[in-house]
Each structure stands twice: as C-alpha cells, then as structure tokens.
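Participant: This structure is in structure tokens; I'll ask about it shortly.
The values are calculated or read from the model by the stated rules, or taken from the named source; none is laboratory data. Fair warning: this is a prediction, and the values are worked out from it, not measured in the lab. Glycine also receives a Cβ, built like all others from the backbone with ideal geometry; neighbour counts cover every protein chain displayed.
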Amino acid sequence: MPKKGRHQDSIVKRNIALVTRYYYWSEIWQRKHERVLETLENEEFFIRTATIDVIIRNDDDVYTKLAKEKPTIKDLQARFPAFHFEDNPHSWKKC
C-alpha cells in the first residue's frame, strides 16, 4: 500500500531549502541558533523547531557543503529563487 503524505522528492527538496536557509541566517546574518530556528518555524517553513533541528542534523552534509563552498547571496538566490536573500552588512563574508 502506498505511503500517504508528501512525496519523498518534495521532502528532500524542502529539507535542502531549509538547511540552506539555516546556513543563510546563521552564517551570513550571524544569528544565534535559537533565533534562526524561530525564524524558520514562524516565518518560513511553519514546522516545529524540534523537526527543524532533526532535519538540520540529518542533512549536515548539505550544511557542510555550503560552509565549504561559501556561496554568495547571488548563488543562493539562483538556487532558490522563491526565497529572498539579502546581504548582511555586518557579515564576515561579503557577497
């Protein structure tokens, strides 16, 4: 019997987008972990912070790849055009 709910490909795409947004808020905007989780839960993905934490831990290879590549704001925007990415003037990394 087929599993009900979201299609696995959609979940994978959502998780990659979520980890990318976590990277954006935590590395580029240098926000604290708790604040990033609140933003992702209440403003962007509307899933519980506990679920977000699990996704981030399970997809740490995505985060590690982003941290290694250090994509620019332009790169992130190209990958995820539905999201708004803007530069943090106080960031260690200029895009």
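Participant: Run Ile52 past the list (1) in contact (Cβ under 8 Å) with a residue 12 or more places away in the chain; (2) under 18 Å from Ile73 (Cβ atoms) and report the number of the one that doesn't hold.
Facilitator: Every condition holds for Ile52 apart from (2).
Participant: Any chance you could count how many residues in the range 40-56 are assigned to a helix (DSSP H, G or I), more than 12 Å from the chain's Cα centre (by Cα) and not small (Gly, Ala, Ser)? Walk me through how you get there before you give the answer.
Facilitator: Applying the first criterion (assigned to a helix (DSSP H, G or I)) to the range 40-56 yields 40-44, 49-56.
Still in the running and more than 12 Å from the chain's Cα centre (by Cα): 42-43, 49-51, 54.
Next cut, not small (Gly, Ala, Ser) only: 42-43, 49, 51, 54.
Number of matching residues: 5.
Participant: Could you please give the count of residues in the range 4-32 that are closer than 20 Å to His84 by Cα, of a type outside the set (Lys, Arg) and within 13 Å of the chain's Cα centre (by Cα)?
Facilitator: 14
Participant: Could I ask something else about it? Count, please, the residues in the range 5-36 that happen to be assigned to a helix (DSSP H, G or I) and more than 18 Å from Ala67 (Cα to Cα). Walk me through how you get there before you give the answer.
Facilitator: Filtering the range 5-36 down to residues assigned to a helix (DSSP H, G or I) leaves 8-28, 33-36.
Subset that is more than 18 Å from Ala67 (Cα to Cα): 8-14, 34-35.
So the answer is 9.
So that you can scan it fast, the table gives a plain yes or no per residue for (1) modelled with pLDDT under 95; (2) surrounded by 13 or more Cβ atoms within 10 Å (Cβ to Cβ):
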site	(1), (2)
Arg6	yes, no
Arg14	no, yes
Tyr24	no, yes
Glu34	no, no
Leu37	no, yes
Tyr63	no, yes
Lys68	no, no
Lys93	yes, yes
